[in-house]
Amino acid sequence: MPRHYSISQAVFSRFPGYRRGVVLAFGVHNPPSPPELVAALRQAEQELCTRLTPETIISHPHIESWREAYRSLGVKPSEFRPSVEALARRVLKRDPLPAISTLVDIGTLASIQNLMPIGAHAIDHVTGDIELRLATGAETFEPFGTEIVEHPLPGEVVFVEGDVVLTRRWTWRQAKHTLVVPETTAVEFNVDALPPLTRPEVEQICQQVAALIQRYCGGTTRFSILSAANPSISLD
């Protein structure tokens, strides 16, 4: 059964400048991160600490745009931080981020370097269509690290397979459902961009992620940019 990946026009109506790069990778392996990748992660952490401080982080255009988007959805960004802000704040504490696995660390590296939300979902066992859309409130969400089942608020931006939430509040927190694990062989990376980031910049970052996957994890990759003019792609 063909599987599709789409973004609802309701999301683009609210955020017409939004684009999501989608990097698909198949036949990959996901071992512990090699020393070279961990070293690149440490260097990216150091460079970020020279660019930002805890006092200046919210004024960076890449962070400010997500905080404003959250506010427009009725979400307090100080209470539910966009993932890129939460990650950057962890880096600014100058405690090295843990190396988790090659695929996960590739997303973390690219996110720190480009200061934008970049997250991976395993799609080995995804059987239906996946979509970024506005929640009805009937969906279920089981966050990573807990046994508690939640329901998103109506109108919340959610990433779903049917009514199973993969990510709540757009880029806030990922569920267990598509967690990337050592056994993962198929994965998709979301590269989320609000203005001032441009389409050519998103394409360049997708190319960076795809090159890192091929270098460290093998397999085959391709990417697409989802936008109001191109809201759907095939997962297969």
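The values are calculated or read from the model by the stated rules, or taken from the named source; none is laboratory data. On a predicted model such as this, the values are computed, not experimentally measured, just so you know. So basically every Cβ, Gly included, is an ideal-geometry build from the backbone, and we count neighbours across all protein chains shown. For the accessible areas, the whole protein counts, side chains as well, though only heavy atoms, and no ligand, DNA or RNA atoms are used. Shrake-Rupley method; radii C 1.70, N 1.55, O 1.52, S 1.80 Å.
Descriptive notes on the structure:
- If you go through the stretch 162-187 and pick out every residue that is in a loop (DSSP other than H, G, I, E, B), closer than 14 Å to residue 145 by Cβ and in contact with a Gly (Cβ under 8 Å, 6 or more places away or on another chain), you end up with 0.
- For the stretch 179-210, filtered to residues that are open to solvent by 50 Å² or more (accessible area, probe 1.4 Å), under 17 Å from the mean Cα position of the chain (by Cα) and acidic (Asp, Glu), the residue that is nearest to residue 131 (Cα to Cα) is 203.
- Taking the stretch 142-163 as the range and being under 23 Å from residue 232 (Cβ atoms) and under 17 Å from the mean Cα position of the chain (by Cα) as the test, the residues that pass are 156, 157, 158, 159, 160, 161.
- Of everything in the stretch 25-40 that is small (Gly, Ala, Ser) and in contact (Cβ under 8 Å) with a residue 40 or more places away in the chain, the residue that is surrounded by the fewest Cβ atoms within 10 Å (Cβ to Cβ) is 27.
- Residue match in the stretch 191-201 (condition: part of a helix (DSSP H, G or I) and out of contact with any Ser or Thr (no Cβ under 8 Å at 6 or more places or on another chain)): yes
- The stretch 125-138 residues that are farther than 19 Å from residue 189 by Cβ, paired with ones that are open to solvent by less than 20 Å² (accessible area, probe 1.4 Å) (beta carbon under 6 Å, 6 or more apart): 135/152; 135/156; 135/158
Here is a yes/no grid of residues against (1) within 20 Å of residue 84 (Cβ to Cβ); (2) modelled with pLDDT of 95 or more; (3) outside any loop (DSSP other than H, G, I, E, B); (4) in contact with an Asp or Glu (Cβ under 9 Å, 6 or more places away or on another chain):
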site: 136; (1), (2), (3), (4): no, yes, no, yes
site: 154; (1), (2), (3), (4): no, yes, no, no
site: 160; (1), (2), (3), (4): no, yes, yes, yes
site: 204; (1), (2), (3), (4): yes, yes, yes, no
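- Residues being touching a residue at least 60 places away in the same chain (Cβ under 8 Å) and open to solvent by 50 Å² or more (accessible area, probe 1.4 Å) - total across the stretch 154-171: 0
- Comparison of 90, 81 shows that the only residue that is out of contact with any His (no Cβ under 7 Å at 6 or more places or on another chain), among the basic types (Lys, Arg) and buried (at least 19 other Cβ atoms within 10 Å of the Cβ) is 81.
- Condition check for residue 13: crowded, with 19+ Cβ neighbours inside 10 Å and either assigned to a helix (DSSP H, G or I) or modelled with pLDDT of 95 or more (or both): no
- Condition check for residue 11: under 30 Å from residue 218 (Cβ atoms) and in contact (Cβ under 8 Å) with a residue 12 or more places away in the chain: no
- Matching residues, the stretch 140-170, being under 24 Å from residue 71 (Cα atoms) and of a type in the set (Phe, Trp, Tyr): 141, 159, 170
- So residue 21, is it open to solvent by less than 10 Å² (accessible area, probe 1.4 Å), closer than 21 Å to residue 172 by Cβ and in a helix (DSSP H, G or I): no
- Of all the residues in the stretch 211-230, those that are open to solvent by 10 Å² or more (accessible area, probe 1.4 Å) and of a type in the set (A, V, I, L, M, F, W, C) number 5.
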